[in-house]
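Notes follow once the structure below has been shown.
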Amino acid sequence: MFMSKIELDKRNRKFVAMNEYQLHQFLWKGFSGFASREESGMLYNSTLRGTRQHILVQSLVEPRWSEIQDKGVQAITKAFDPSFRESMQLRFQVTANATVDAMCSDGKRRRVPVGVASARKSESREQDLRDWLNRKFALGGARVESLEVGPPIDMNFTKSGKRSRNSIVISTVQFDGICTVENPEEFSNMHRRGIGRAKSFGCGMLMLRRC
């Protein structure tokens, strides 16, 4: 696996108005030889600090950043091979697009954000979000020991095609907590593939550090 660190200067007019779809297209330049995000394993997390946008890109293959480096962008890539063992405790952070299938008012099933009124399964949206993440970790070979759930934030942007422009809204939630690895192989698979949907738009990358 590979981890890349990229930094954008938001004072540069090329980047100041860049939305998540444009950022995805920009980062995909490093994986132009691959047919899909799944093939490359590309996941990323983006954080704005002052005028600098810091981006971590995780991938199964080594990216080629020469095209964006030619535009004056700093990109550093290192190989890494994370190993997990049973009973290992880790701090985690993930910004996820937490969704479920639900029956909508028009009688059709659609994927909706976890905890909205039409799909609520408990007394609060936060509890639904906690239950959703606990299920994801259980399927991924880990047990959540503690968890903080951030407020849902909508990501709004326009996706422009050759013949149309589509307005996209993606609901995101940041989860911070501590987990215990129960099945190292399953946990490693979850770490590689990410959690939830909208992975092309900065969601799902599981950031870990030892307790």
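The values are calculated or read from the model by the stated rules, or taken from the named source; none is laboratory data. Quick caveat: nothing in here was measured; it's all calculated off a predicted structure. Heads up, the Cβs are rebuilt from the backbone with ideal geometry, glycines too, and the neighbour counts pull from every protein chain shown.
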- Message: Restricting to the stretch 61-111, name every residue that is in contact with a Phe, Trp or Tyr (Cβ under 9 Å, 6 or more places away or on another chain) and acidic (Asp, Glu).
- Response: Glu62
- Message: Tell me yes or no: at least one residue of the stretch 26-48 is outside the structural domain of Arg165 (by TED's automatic domain parsing), among the aliphatic types (A, V, I, L, M) and under 18 Å from Ser188 (Cα atoms).
- Response: yes
- Query: How many of the residues making up the stretch 74-101 are in a loop (DSSP other than H, G, I, E, B), surrounded by fewer than 17 Cβ atoms within 10 Å (Cβ to Cβ) and within 20 Å of the chain's Cα centre (by Cα)?
  - Reply: 3
- Message: Just checking, does the stretch 159-173 include any residue being within 11 Å of the chain's Cα centre (by Cα) and either on the phi > 0 side of the Ramachandran plot or touching a residue at least 40 places away in the same chain (Cβ under 8 Å) (or both)?
- Response: yes
- Message: Checking the conditions here, which among Val116, Val112, Val94 is under 30 Å from Thr180 (Cβ atoms) and either in contact with a strand residue (DSSP E or B) (Cβ under 6 Å, 6 or more places away or on another chain) or in the same structural domain as Val173 (by TED's automatic domain parsing) (or both)?
- Response: Val94
- Would you tally the residues in the stretch 23-72 being at pLDDT 90 or above and either under 18 Å from Phe157 (Cα atoms) or of a type in the set (A, V, I, L, M) (or both)? 18
